[in-house]
Every structure is written in structure tokens, then in C-alpha cells.
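Only one structure is covered here, and it is reproduced in the block below.
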Amino acid sequence: MSALLVQDYLQTQGLRLPTDEVRVALMTLQAVINMGEVSVDRNILWYCRDHVVLSDYVAENSDNEKLLKQIFMALDSVGSRCEGWQSIAVYALMPSENGQPFLLRLAQQGSVLEQKIEVNEESGRRYLSCRTAATGWLNVVNDMQKWFELGEVEGDHHRCLSQMVLPVCAESGKVLGVVQVDCAQKNAFDNAVQTDWVALAVALAEPMQALLGEGSEGECENE
């Protein structure tokens with residue numbers, strides 16, 4: 001099953017990474033996710049920052065707390081193996097009451113990123129994470145400054161020199177969220193680095209689908 005999930009993700013995203021290496025990385029993360037109870041500060045899991053309170057959007061109960069721990073543990077595991085990143089985060093794609101979807105930060109390490117970002121045309125010009133959430137396409141930029149100069153991205157919030165944003169999708173193709181990796185140097189994403197982050201995106205599908213339940217929306221459009 002792991003091999004099929006990996007192969008499907010790589011083919012969908014047009015990535016030429018060694019399937020076996022991604023599968024091994026995925027199995028390692030699945031072991032981390034399933035290792036059982038670990039101690040994580042509840043203030044980290046159920047954060048309140050920049051006027052965003054996670055429990056306003058995700059019910060604060062033991063089942064969801066376990067899923068948030070799994071997501072945090074998986075992110076921490078890859079972050080501890082990879083070097084050069086300055087910020088890493090997992091966002092869930094959430095529906096809003098007025099029908100406007102938004103990205104909600106579930107877990108993060110490193111420099112502080114946005115906690116909540118509306119997914120619309122304007123945000124798509126400013127945030128690669130919104131483009132990935134809206135389209136289901138992975139984005140890798142090896143020189144953010146060049147993209148800024150070319151007008152490919154807008155705004156003054158781009159603090160990194162290279163960035164990778166990966167979609168987290170259910171088996172049905174529904175976009176559940178994104179993984180964002182910001183690096184302080186250009187050309188940070190060689191095949192070895194991409195392998196670990198792709199494995200994370202695949203591994204997060206199960207806990208994020210459980211966390212979002214039937215409320216998760218937004219289908220991949222990269223078919």
C-alpha cells in the first residue's frame with residue numbers, strides 16, 4: 001500500500017525521485033506516527049497566537065489532541081533529519097462559514113509563519129501555500145528573490161531564499177492541506193531533501209483526514 005501511495009504521489013506531482021527511498025522514508029514516519037503516546041506541551045498543540053485560537057476551528061478533545069501530536073511528531077522527525085530550513089509548517093485547508101476556504105496552521109517549527117491565510121486569488125499572488133492548496137500542485141522555488149523580482153510572487157513577507165510547498169491529499173484526490181518548508185539559502189531542495197518532505201506529505205494524509213473528518217474540502221485540480 002505504501003508503495004502505491006508513493007508512486008501515485010510522485011506521478012501526480014511529476015517528481016522523478018527514487019520510489020524505494022521515498023517509501024522507506026514514509027515507513028519511518030508511519031512508525032513515528034504510530035509509536036503511541038508522547039508528551040507534547042498542550043500550549044504548543046492548542047496554540048493561541050496572532051489572534052488565532054486553534055480550538056476555535058478544531059474541537060479540543062482527546063481524539064483530536066492525539067492526531068495533532070501525530071502531525072507534530074511527524075514534522076519534528078523530518079525537521080530533525082533535514083538541515084538548512086528556517087521555518088517548517090503544516091497547514092490544514094479549512095472551509096469557512098461564508099464559503100471562503102482558508103489555510104489554518106496545525107504545527108510549526110522555526111521562525112514564525114502566518115497562522116491563518118485565506119485561499120483566494122489575491123492570496124495566491126502572495127503565498128505559494130495558497131496556490132498549492134487551490135490547485136493541488138507542488139511548488140518548488142530555488143530562488144525566491146528572483147521570483148519576487150520577476151513578479152511571480154508579491155508582498156513584503158517573503159523571508160526565505162528558497163521554498164517548497166507540498167500538497168497533502170487524501171486517496172480520493174481531495175486536498176487536505178499543505179506542508180511548507182522555508183530555507184535560508186538558495187537551491188536548498190536536492191533529491192535527498194525532497195524525498196523526506198514528500199514522504200511527510202504522504203504520511204500526513206491519514207491523521208489530517210481523521211482530524212478534518214467530512215468537513216475537509218477542496219479537490220486536487222492537477223489531473
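Where a number appears in this text, it was derived from the coordinates with a stated rule and is not lab data. All figures in this text were calculated on a predicted structure; none of them were measured in a lab. All Cβ positions, glycine included, derive from the backbone under ideal geometry; neighbour counts span all protein chains shown.
Determine the gain in length on full extension of the stretch residue 112-residue 146; use 0.36 nm per residue of separation and subtract their C-alpha separation, reporting nm with one decimal. Could the numbers behind the result be given before it?
Values: separation 34, 0.36 × 34 = 12.24 nm, distance 2.29 nm.
So the extension gain works out to 9.9 nm.
Rounded to the nearest 20 debye, what is the charge dipole size of the chain about its Cα centre when +1 sits on each Lys and Arg Cβ and -1 on each Asp and Glu Cβ? Provide the component values of the computation, followed by the final result.
On the way: 16 positive and 32 negative charges, 93 e Å.
The dipole of the chain has a size of about 440 debye.
For each of 157, 51, count neighbouring Cβ atoms within 10 Å of the residue's Cβ, then give the residues from fewest to most.
Values: 157 10, 51 7.
Lowest count first: 51, 157.
Tell me the net charge near residue 88. Cut-off is 10 Å between Cβ atoms, residue 88 excluded, with +1 for each Lys or Arg and -1 for each Asp or Glu.
Numbers: positive: none; negative: 76, 182.
Computed value for this residue: -2.
Could you tell me how far the Cα centroid of the range 107-136 sits from the Cα centroid of the range 141-165, in Å?
For the range 141-165 versus the range 107-136, the Cα centre distance is 13 Å.
Can you list the lysines whose alpha carbon sits under 18 Å from that of residue 146, skipping same-chain ones fewer than 8 residues off?
186
With the Cα gyration tensor of the chain in hand, give its eigenvalues times 5 under a square root as the equivalent ellipsoid semi-axes, listed largest first in whole angstrom. Mind showing how you got there, number by number?
Values: eigenvalues 106, 93, 63 Å².
Each semi-axis is the square root of five times an eigenvalue, giving 23, 22, 18 Å.
Rounded to the nearest 500 deg cm²/dmol, what is the calculated helix-only ellipticity per residue at 222 nm for the chain, with -39500 (n - 2.57) per DSSP H run of length n ≥ 4? Mind showing how you got there, number by number?
Numbers: 9 runs with 93 residues, N = 223.
One gets -12500 deg cm²/dmol as the mean residue ellipticity at 222 nm.
Running a GNM on the chain with Cα contacts under 10 Å, which residue among 181, 198, 52 ends up with the highest mean-square fluctuation?
Of the options given, 52 has the highest mean-square fluctuation.
Pulled fully out, how much extra length does the chain show between residue 120 and residue 184, if you take 0.36 nm times their separation in residues and subtract their Cα-Cα distance?
Fully extending the segment from residue 120 to residue 184 adds 20.3 nm.
Work out how much length residue 43 to residue 2 would gain on full extension: take 0.36 nm times their residue separation and subtract the Cα-Cα distance, in nm to one decimal.
Once the chain is fully extended between residue 43 and residue 2, it gains 11.5 nm.
Which order do 197, 147 fall in if you start with the one that has the fewest other Cβ atoms within 10 Å?
147, 197
Over the chain, what is the relative contact order in whole percent, taking alpha-carbon pairs under 8 Å and six or more residues apart?
Working: 398 pairs, mean separation 51.4, N = 223.
Reported relative contact order: 23 percent.
With labels modelled as points extended 7 Å from the Cα through the Cβ direction, what inter-label distance (nm, one decimal) is found for residue 30 paired with residue 192?
Those two pseudo-labels are separated by 2.5 nm.
Please check the chain for the longest run free of trypsin sites (Lys or Arg not before Pro) that are loop-located per DSSP (anything but H, G, I, E, B) and have at most 16 other Cβ atoms within 10 Å.
Answer from the scan: 17-158.
What are the DSSP H helices in the chain that stretch 24 Å or more along their long axis, judged by alpha-carbon atoms, and whose average Kyte-Doolittle hydropathy comes to at least -0.5?
Values: long enough: 62-81 (29 Å, -0.30).
Span-like helices in the chain: 62-81.
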